[in-house]
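The values are calculated or read from the model by the stated rules, or taken from the named source; none is laboratory data. Bear in mind the structure is a predicted one, so any value in this text is a computation, not a measurement. Every residue, glycine as well, gets a Cβ built from its backbone with ideal geometry; the counts of neighbours run over all protein chains shown. Just the protein is used for accessible areas: all its heavy atoms, side chains included, with ligands, DNA and RNA removed. Shrake-Rupley method; radii C 1.70, N 1.55, O 1.52, S 1.80 Å.
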Amino acid sequence: MKILQAINSLATGGAEKLVIDLIDKLALKDIEVSLLLLDGSDSVFLKKLKSKHPKIKIYVLGDNKNIYKPLNILKIRTIIKNYDLVHVHLFPMFYWVAFANLFTFKASKLLFTEHNTTNKRRNKKSIKLIEKFVYNQYDKIITISDAVDLNLKEHLTPSYNKCIELVYNGINLEEIKKASPLDLSEFNIPTNSKTILQVSSFTAQKSQDIAIKALLKLPENFHLILIGDGVTKEMNINLAKEKNVLDRTHFLGVRGDVPQFLKTVDFVVLASKYEGLSLASVEGLASGKPFLASNSPGLKEVVENSGILFENENDLSAKILELNNDHKFYNEIVRKCKTKSENYNIEKMVDAYIKIYNSLLK
């Protein structure tokens, strides 16, 4: 069984982390797996993969400027014909592989993992037929959460349902359990601070601004740590300056020691407009700290009855203060979060994917 994992890049993000974790587990099970990237720009995830699995073949088609060029179809065509199954993640790789496979003499089996509850393409009637045509090229479509599954089935017609299967995202729970706390003084954060962590890319989908505004309602010893990078980072830095909380807001970029940060901070937050099944949310549940998330599609189902959902910055700050002032409540939320995180063990996810791979290649 020769498997090719195909994704736009290995920049920071939940889908990207899933890919490197999946490749790692497949390789350890002696399954031949390779990686195809539209953008091979250097990243923490790419370095981690190369360091742990130096023999894995990695195809790179260009850089960030090239990912939307249809010429990628021709390049991909020459690569995928050498694999039994191509497992695809994210747009536009989703489109390019589907079209490339149409023009391949020896077509490969195609599997697509849908990572989000929605996207901008679904609201454009002009590309609805193209969208459905592309989905139809895939032998199996995996949805990563109940919300993603429901929304995709509503987007497509019932005839696609037989190709759609739900497999919850998973994380390496042992990696988080075994992580050691960091010395936050190295990041100019006073040792007596109360710390809040959000790990996410800086995109329009995310709402780091809510976490920044929440600091205004919290005591001066509360500090916010933001890990990630992206197009809205500068805007959020300017917001922190405008609100006079830049000295308490720490933009640390993309990092490879997220499990250590999870073990170090007092609260883990994810402010976002919508999610698929965010790996950051599962990490938050497993962190051993209270996890607070936006009451938004894709997060509500994961966090409800375990962590805490919030509506806005005022609600977030109020709930952080409640947790901070009530140690019994704090510990009860931690217990519920850790219990819920066990549902998202990466071993369960990998076993489910291998079962699907085998069924497609019979």
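Taken one residue at a time, the phi angles of the stretch 320-327 give Karplus couplings (6.51, -1.76, 1.60, θ = phi - 60°) of 5, 5, 4, 5, 5, 8, 10, 5 Hz. Gly and Pro are set to x. Could you check which residue among R121, R77, R255 shows the biggest mean-square fluctuation in a GNM of the chain with a 10 Å Cα cutoff? Checking each option, the largest mean-square fluctuation is seen for R121. Residue-wise HN-Hα couplings along the stretch 173-180, as the Karplus relation 6.51 cos²θ - 1.76 cosθ + 1.60 with θ = phi - 60° gives them from phi, are 5, 5, 4, 6, 4, 8, 5, 9 Hz; Gly and Pro carry x. For the chain, relative contact order (Cα pairs under 8 Å, six or more residues apart, normalised by length) works out to 15 percent.
Within the listed set S193, S185, S278, the Gaussian network model of the chain (springs between alpha-carbon atoms below 10 Å) gives the highest mean-square fluctuation for S185. The mean sequence distance of close C-alpha pairs (under 8 Å, at least 6 residues apart), as a share of the length of the stretch 1-51, puts its relative contact order at 52 percent. Normalised by 2.2 N^0.38 Å, with N the number of residues, the alpha-carbon radius of gyration of the stretch 225-267 equals 1.25. Using a simple charge model, +1 on the beta-carbon of Lys and Arg, -1 on the beta-carbon of Asp and Glu, nothing else, what dipole does the stretch 141-263 show about its Cα centre, in debye to the nearest 20? So the dipole magnitude of the stretch 141-263 works out to roughly 220 debye.
The Cβ shell under 10 Å around I142 holds other residues with a net charge of -2, Lys and Arg each +1, Asp and Glu each -1. For the stretch 228-362, averaging the sequence separation of C-alpha pairs within contact (under 8 Å, six or more residues apart) and dividing by the residue count gives a relative contact order of 18 percent. Reported to the nearest whole Å, the Cα centre-to-centre distance from the stretch 269-346 to the stretch 91-160 is 30. Here the chain exposes an accessible surface that is 51 percent carbon and sulfur, computed with a 1.4 Å probe and the other protein chains kept in place.
Labels on offer are [x] 147; [y] 137; [z] 274, and the one holding volume of the Cα convex hull per residue in Å³ computed from this structure is [y]. Comparing the stretch 96-213 with the 2.2 N^0.38 Å rule of thumb, its C-alpha radius of gyration ratio is 1.52 (two decimals). Taking only Cα atoms and a 10 Å spring cutoff, compute GNM fluctuations for the chain and point out the largest among S272, S41, S207. Highest fluctuation of the listed residues: S41. Among the chymotrypsin sites (Phe, Trp or Tyr not before Pro) in the stretch 54-134, those located in a DSSP loop and surrounded by at most 16 other Cβ atoms within 10 Å of their own Cβ are Y68, F103, F105.
Close amide H contacts of L270 (hydrogens built in the peptide plane, cut-off under 5 Å, sequence separation of 5 or more or a different chain): L292, A293, S294. Assuming charge only on the beta carbon of Lys and Arg (+1) and of Asp and Glu (-1), the dipole of the stretch 74-139 about its Cα centre is about 340 debye to the nearest 20.
Selection among Y344, F105, P158 by position relative to the dipole of the chain gives F105 as farthest towards the positive end (Cβ unit charges, Cα centre).
What stretch of the chain, leaving out the sites themselves, is the longest with no GluC sites (Glu not before Pro) in a DSSP loop having at most 14 other Cβ atoms within 10 Å? Longest site-free region, per DSSP loop and neighbour criteria: 1-219. Spelling out what I want: for every residue of the stretch 185-194, take phi, set θ = phi - 60°, compute 6.51 cos²θ - 1.76 cosθ + 1.60 (Karplus), and round to whole Hz; glycine and proline get x. Values per residue, Gly and Pro as x: 5, 5, 10, 6, 10, x, 5, 8, 6, 9 Hz.
Each Lys and Arg adds +1 at its Cβ and each Asp and Glu adds -1 at its Cβ; summed about the Cα centre, the chain shows a dipole of about 1260 debye.
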